[in-house]
1. Pairs of alpha-carbon atoms within less than 8 angstrom and 6+ residues apart define the contacts here; what relative contact order does segment 335-400 have, in percent?
2. Set Lys and Arg Cβ to +1 and Asp and Glu Cβ to -1, take the dipole of the chain about its Cα centre, and tell me which of PRO136, ALA169, ILE152 lies farthest positive.
3. For a protection proxy built on the mean count of beta-carbon atoms within 10 angstrom, sort 7-17, 193-203, 314-324 highest first, please.
4. What share of the DSSP beta bridges in segment 139-294 is antiparallel, in percent to the nearest 5?
5. Compare the Cα positions of LEU113, MET378, ASN3 along the charge dipole of the chain (+1 at Cβ of Lys, Arg; -1 at Cβ of Asp, Glu; about the Cα centre) and return the one farthest towards the positive end.
6. With a 10 Å cut-off between alpha carbons and a GNM built on the chain, which of ILE374, ILE160, ILE133 moves the most?
7. Please give the per residue volume of the convex hull enclosing the alpha carbon atoms of the chain, rounded to a whole number of Å³.
8. So what's the back-of-envelope 222 nm ellipticity for the chain, counting only DSSP H runs of four-plus at -39500 (n - 2.57) apiece and dividing by all residues, rounded to 500?
Amino acid sequence: MINISVLGYGTVGSGVVEVLDTNSESIAKKARQPIHVKYVLDKREFPGSPVEDKVVHDINVILDDPEVQIVVETMGGVHPAYEFVKGALERGKSVCTSNKELVAKHGAELLALAKSKSINFLFEASVGGGIPIIRPLNQSLTADEIEEITGILNGTTNYILSKMDTEGADFAEVLREAQDKGYAERNPEADVEGYDACRKIAILTSLAFGKQVDYEDIYTEGITKITKTDMLYAKELDAKIKIVGSSKREDEKVSAFVAPVMIGRENPLYSVNDVFNGIYVKGNVLGDTMFYGKGAGKLPTASAVVADVVDAAKHIGTNIMTNWSTHKLELADFEEVSHRFFVRVDEVEKEAAAEAFGQVEEVNANVAGEYAFITKLMTEKEFKEKAVALSSMRNRIRVAF
Ligand code: HSE
């Protein structure tokens, strides 16, 4: 039998306990032994719940108990999760976490610590919730050199943009509705400003290219400026507006960003709607591949955490090699990254637009008083320099077709 402890009995932590209970027999077969939850760490008590006799309030009870071999961290946030996880690894306990902030910030260091102790630090649930993406990158796509990862990595914003598209509603209206339904947090900043997707693409990029990507280096733009008028133009273009996290390797340099983009129907991410996540990965020998599923939620996320617990149980005493060193990956300067841009200005600036951008592709969605167009491919820097000539820019969105 393997004894585990769960740090944080919130949505995901309680989901982990539920999944271990629901599928206890099949999980025991796959882990080659039963998995037993010995302690649950939380500030609260849970009378009447399945864990009421397991709750402890002091991390040292868990860290000092040699019977605990695996620790599940589902608290979220960097502190004190970092200190607790480090303490567990230092005492020879493998850790499975769903915490993207922790993994993005300290992943390389915690992986090195786990390796030095011949144990494991696993984090499948930190990106894409229940979608297997960390293990495929780490273990299945090893024959390939990764050329691109582009993902719809945040369920909340994908839900909001999908609703804006289908209902013709504005951002604030749909956000309120999403909050009422529990699909968006009361404080939605991390999702709608793209910070959550930024942590996730930082993790995927670090794994794909084997070096530490600091999320602070990734250009990040949220969805708060997207309007229902933008959605009208997207329809006209047979496109959808999606917020993606993307990283690409070109000429030995890796670039990365998070931003809303117009995605055409031929792109596999076009059909990823509502709270679903989709992650497109391009390998130099494999070509295109897509990972799709539920990127958030109690049981999908717990499914990924429990799969890590099974893996950790199967590898007691052996470190599963992960290619993510503490050396920093210097990203390409975002100013030099090229896109085509969809631009909306006042109708009176039609000529000014032609003067600034030369030949453009006009887009007409019958919006009174407005002129919209798509530029040719140009760097961020070039776009900004040319756009200075336009005083009435209503919005601009990068185009991915
Ligand atoms: N707020 C996140 C999302 C939760 O909407 O995708 C999962 O990381």
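1. Numbers: 114 pairs, mean separation 34.8, N = 66.
53 percent.
2. PRO136
3. 193-203, 7-17, 314-324
4. Numbers: 30 of 32 bridges.
Beta bridges within segment 139-294, antiparallel portion: roughly 95 percent.
5. ASN3
6. Residue with maximal mean-square fluctuation among ILE374, ILE160, ILE133: ILE374.
7. On the way: hull volume 56.4 nm³, N = 401.
Convex hull of Cα atoms, per residue: 141 Å³.
8. Using -39500 (n - 2.57) per qualifying helix, the result is -10000 deg cm²/dmol.
Readers should treat all values here as calculations from the given coordinates under stated rules, not as data from a laboratory. Values in this document were obtained by computation on a predicted structure and should not be read as measured data. Don't worry about glycine lacking a Cβ; one is built from the backbone with ideal geometry, like all the others, and counts go over all protein chains shown.
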